[in-house]
Each structure stands twice: as structure tokens, then as C-alpha cells.
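J.: Submitted below is the structure of interest, expressed as C-alpha cells.
The values are calculated or read from the model by the stated rules, or taken from the named source; none is laboratory data. Since we're looking at a predicted model, the values are computed, not measured. With ideal geometry, Cβ positions are generated from the backbone for all residues, glycine too; neighbour counts draw on all protein chains shown. To get the accessible areas, we keep the full protein, side chains included, count just its heavy atoms, and leave off ligands, DNA and RNA. Shrake-Rupley method; radii C 1.70, N 1.55, O 1.52, S 1.80 Å.
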2 protein chains.
Amino acid sequence: MVESTRGRIQAVALELFTENGYEKTSLREIAERLGVTKAALYYHFKSKDEIVSSFSEDRLARLDEIIEWAESQPPGLERRQELLARYADEFFASNHPSVMRFFEQNQTVVKTMSAGMGMRDRMLRVASLMADDVDDPTEQLRAALALFAVHGSWFAIRQELPIEERKRVALDVAEDLWRPRISP
Amino acid sequence: MVESTRGRIQAVALELFTENGYEKTSLREIAERLGVTKAALYYHFKSKDEIVSSFSEDRLARLDEIIEWAESQPPGLERRQELLARYADEFFASNHPSVMRFFEQNQTVVKTMSAGMGMRDRMLRVASLMADDVDDPTEQLRAALALFAVHGSWFAIRQELPIEERKRVALDVAEDLWRPRISP
DNA sequence: ACCTGAACACCGTTCAAGT
DNA sequence: ACCTGAACACCGTTCAAGT
């Protein structure tokens, strides 16, 4: 099975960027791992940024699909649940939350890079949909927490746990955020 | 009121590091803002890292105080509430969540820098105390979410809101995480 | 089409030297 | 004690040149 140089660059870059950080990873490092020169990378990509954009594209597209679907549904508990479930599926897709974890790790980059801003826009849109587009501060924060439950289930649980279980825990905790409480 | 060069370096660095990212901010930039040369910074600090350590120290010390206090208390709802309240006070201290926001923004740096690892350790300890040192995955995630409610109240609420109100919303939402629910 | 070698301006860091 | 100027190796990026 032969993989294109372009594909191999993307894979190695994603791994190193996520593990050691975007800025701390040099193109020399990536090139060396692939047995080519730094300059070779510039044949396949216009810039270091563009490597990130390239492996972010399909994830962004998938998020767009999820958002479009949610917008076509009537607001309410059911939409919130299904939206979060789809988001979690996407987050844990391909057995490792690779691209999503890259953005989580490289918050700084999100601010300046175009792909980062694209991801940020989507996250805010999902959060807003989770809050049923309501402006109440409490509901906005609750929506953000529900989203964060998915991300947090990846690193906030200390013991080894299969992905399916992590997803289950995340969705359970998130669902609780909207369940009515016994008044004090 | 004359401020020491050392202090001015710290202030400018904190601002730029938080706003534009640690890696994207060059020492030349900092030096220029202060009207000195790059090399002058090395008279006051051993390295770029050390600037971060220097302005992190008192925050870390304050977190240690909070952690020590919590460890002296019996576990339970009351401890969790008071612990989070103190954490929120610390987070919003000095009118701008400056140092805490730096660490939030520079996740990548947290992994490699010593000050970052110090902050990470404290956060995990607080999260663990919030979960009453219980190992149940659901409780661990809930504890992380409660902590995140404080951080999230800073950026997840779209409208302008005074700090006191943000804190209130954060603590309310966090408290809800442990309130018993009406069974389905 | 795919890649190299050499050059560019810029980065963090060091150090001898100045006051 | 406090700071400068010049140098170091390394970075992302460009480009003419090779196959």
C-alpha cells in the first residue's frame, strides 16, 4: 500500500503538531521523518498553515453537515440530544480524536490561522444551537458545558476507558445538565 | 510611580503572550515596546520561559493555599461549593483573569514549560478534590465541568456581563451539577 | 511532476564590552 | 547594576536548478 507524499506529510504533521504543538514542531523535523528536505514540503503545500488547513477540511465539512441538520430540526430537548450525539460521534471518529484534539491543543493557533477560525466558528454555532439560540447567560454556559463534556471525557477521566464508554459518560453528564432538579 | 524594568517586562509579556500567543510573541517585540534591546531582557530573566514562571509564581502559590485549605476540610457538598467559590475568586482576581487566561490560551506551552506543568498539576488536584477523590468516571467528568464552568463563564457568554455576574452564573450552573434530579 | 541546495529575514540565546 | 552590539544556530519561506 503506497501512500502519497502529500498524505504522509499530513499524517506526520498532524501527529507532531498535536503531540508537541504547532509552533514547536519545525518543518525540518517533519521533513526528516519523511526522508525529504524542508523545501520539498513547499512543493506540496504553500505554507505551514496550509498543512493544517488541508487536514482540517473534511472535519469542517462534516461539522457543517451536522449543523445544517440541526438547523432543519425544531428546537428542543430532542434536537439538543441528537446534536450532541452526532457531535460526539464526529469527535471520536476514526478511533482517535485527531484533528479535533489538534485544535484543542493549539488554542493559540486557532486565533490566527484561517482553519482555526473556521473551527472556532463551527464550535460557537454548535454551542448556540445547543442553547436553542436562547440568550440567557445560564443557558449559554450550560450549552458550552455540554459540548465540553464531550471534549473533557477524553482527558478528564483518569482511568483507561474505551471510547464507547467515554462517549456514554459524556452524553449522560451532558443530558443531566437539562434534567429538571428537585427544588431545594 | 516608577515601575521596575523587571515588572514592566512581566506586564508587557503577559499581555502579548495572552493576546497573540507565547510562541508568536517575539522578544524583539517586547523589547521594542519597552525601548530596550532584546539582550536587555536577558539581564532580568534567564530565558523566555522564565518570564512566564516569574509571573505565574504567586498565582500558583495562591492555588496551593486553596488546595491546602480544601484538604483540611471533610469531603462533601459543602467543601465542593466553597472550593469552587475560592477557585472562582482566584480566577477572576485583579479584575482580569490574566495569568489564568494565559494558561488557558497557551495549552501547548503548558505541556513543556515547568510553570505550565505546575499549573496543570494544580488544576488536576482541584478537579480531584471537586470529585471528593472518588474514581467514578461520571463524577470525575462532573468535577471537571464544574471547574470549566468558571473558565467558560469568561468566554462562553456572548453578552457583556460584569465579572460578579459571570461568577454567579458559573457557580449556579456548577452547583446544579450535583443537585439531585427528578428521576425520569 | 517532484525534489534539492543555497539563500533570505527572523527567532531565542550568549557574551564581551560599555556605563 | 543595568544595558548594548555583534555573533550563534535555528526557523519558515523562496527560488533557481536538477531529474
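J.: Using the beta-carbon distance between A:THR112 and A:ASP58 and R0 = 30 Å, what value does 1/(1 + (r/R0)^6) give for FRET efficiency, to the nearest 0.05? Provide the component values of the computation, followed by the final result.
T.: Values: r = 22 Å, r/R0 = 0.73.
Here the calculated transfer efficiency is 0.85.
J.: Once the other residues with Cβ under 12 Å from the Cβ of A:ASP172 are scored (Lys, Arg +1; Asp, Glu -1), what is the net sum?
T.: Summing Lys and Arg as +1 and Asp and Glu as -1 gives +1.
J.: Chains A and B: what accessible area do they bury, summed, in square angstrom to the nearest 100, with a 1.4 Å probe? Mind showing how you got there, number by number?
T.: Numbers: alone 11030 and 11040 Å², together 18180 Å².
About 3900 Å² of accessible surface is lost on pairing.
J.: If one puts a single equal scatterer on every Cα of the protein assembly as shown and applies the Debye formula without solvent, what log₁₀ I(q)/I(0) results at q = 0.08, 0.13, 0.15 Å⁻¹?
T.: Here the Debye-derived log intensity ratios amount to -0.45, -1.16, -1.44.
J.: Keeping every protein chain present and rolling a 1.4 Å probe, give me the accessible area per residue for chain B in Å².
T.: Working: 9100 Å² over 184 residues.
That works out to 49 Å² per residue.
J.: Right, here's the next one. Suppose every K and R has +1 on its Cβ and every D and E has -1 on its Cβ; what is the size of the dipole of the protein assembly as shown about the Cα centre, in Debye to the nearest 20? All intermediate terms of the calculation are to be shown ahead of the outcome.
T.: On the way: 50 positive and 62 negative charges, 232 e Å.
In total the dipole reaches around 1120 debye.
J.: Moving on to the next point. Under a Cβ-Cβ cut-off of 9 Å, what is the net charge of the residues other than B:PHE92 that fall near it, where Lys and Arg count +1 and Asp and Glu count -1? The partial results should precede the final answer.
T.: Details: positive: B:ARG166, B:LYS167; negative: B:ASP89, B:GLU90, B:GLU164.
Value of the local net charge: -1.
J.: Which ³J(HN,Hα) values, rounded to whole Hz and listed in residue order, are derived for segment B:153-159 from phi using the Karplus coefficients 6.51, -1.76 and 1.60 in 6.51 cos²θ - 1.76 cosθ + 1.60 with θ = phi - 60°, glycine and proline given as x?
T.: Karplus-based 3J(HN,Hα) across segment B:153-159 equals 5, 7, 10, 8, 9, 6, 6 Hz.
J.: So how much accessible area does A:LYS24 have, in Å² to the nearest 10, using a 1.4 Å probe?
T.: Its accessible surface works out to 100 Å², give or take rounding.
J.: Something else now. What residue among A:PRO180, A:ALA85, A:GLY116 has its Cα farthest toward the positive end of the dipole of the protein assembly as shown, where the charges are +1 on Lys, Arg and -1 on Asp, Glu, each on the Cβ?
T.: Among A:PRO180, A:ALA85, A:GLY116, the one farthest towards the positive end of the dipole of the protein assembly as shown is A:GLY116.
J.: Pop the C-beta distance of B:TRP178 and B:SER98 into the FRET formula with R0 = 41 Å and round what comes out to the nearest 0.05.
T.: Computed FRET efficiency for B:TRP178 and B:SER98 comes out at 0.85.
J.: Right, here's the next one. What does the helix-only formula give at 222 nm for the protein assembly as shown: each DSSP H stretch with n ≥ 4 adding -39500 (n - 2.57), the total divided by the residues, and the result rounded to the nearest 500 deg cm²/dmol? If you can, show how the numbers build up before the last one.
T.: Details: 20 runs with 268 residues, N = 368.
Helix-only estimate at 222 nm: -23000 deg cm²/dmol.
J.: While we're on this one: Counting only protein heavy atoms and a 1.4 Å probe, tell me what percentage of segment A:49-178's accessible area is made up of carbon and sulfur. Write out the running numbers ahead of the final one.
T.: Working: 2710 of 5580 Å².
Roughly 49 percent, rounded to a whole number.
J.: Let me ask another. Using the beta-carbon distance between A:LEU77 and A:PHE155 and R0 = 25 Å, what value does 1/(1 + (r/R0)^6) give for FRET efficiency, to the nearest 0.05?
T.: Numbers: r = 28 Å, r/R0 = 1.11.
In this case the efficiency is close to 0.35.
J.: Net charge near B:GLY7: determine it from the other residues with C-beta under 15 Å of the C-beta of B:GLY7, scoring Lys and Arg +1 and Asp and Glu -1.
T.: With Lys, Arg at +1 and Asp, Glu at -1, the neighbours total -2.
J.: Another question, then. Send over the per residue convex hull volume for segment B:1-76, Cα only, as a whole number of Å³.
T.: Spelled out: Cα convex hull of segment B:1-76, divided by residues, is 136 Å³.
J.: In addition: Starting from the alpha-carbon convex hull of segment B:49-178, give the projected area averaged over all orientations, in nm².
T.: Convex hull of Cα atoms, orientation-averaged projection: 8.0 nm².
J.: Using the Karplus curve 6.51 cos²θ - 1.76 cosθ + 1.60 with θ = phi - 60°, what ³J(HN,Hα) values do you get for each residue of segment A:3-17, in whole Hz, with x for Gly and Pro?
T.: 10, 5, 4, 3, x, 5, 4, 4, 5, 5, 4, 4, 4, 5, 4
J.: Any chance you could check segment A:118-144 for residues losing 50 Å² or more of accessible area when the partner protein chains are in, compared with the chain on its own (1.4 Å probe)?
T.: A:PRO137, A:GLN140, A:LEU141
J.: Can I ask one more? Could you work out the longest stretch of chain A that avoids the GluC sites (Glu not before Pro) located in DSSP loops with at most 15 other Cβ atoms within 10 Å?
T.: The longest such stretch corresponds to A:4-159.
J.: Next up: What are the ³J(HN,Hα) couplings of segment A:62-76, residue after residue, when phi is run through the Karplus curve with 6.51, -1.76, 1.60 and θ = phi - 60°? Round to Hz, x for glycine and proline.
T.: Taking θ as phi minus 60°, the curve returns 5, 4, 4, 4, 4, 5, 4, 4, 4, 5, 7, 9, x, x, x Hz for segment A:62-76.
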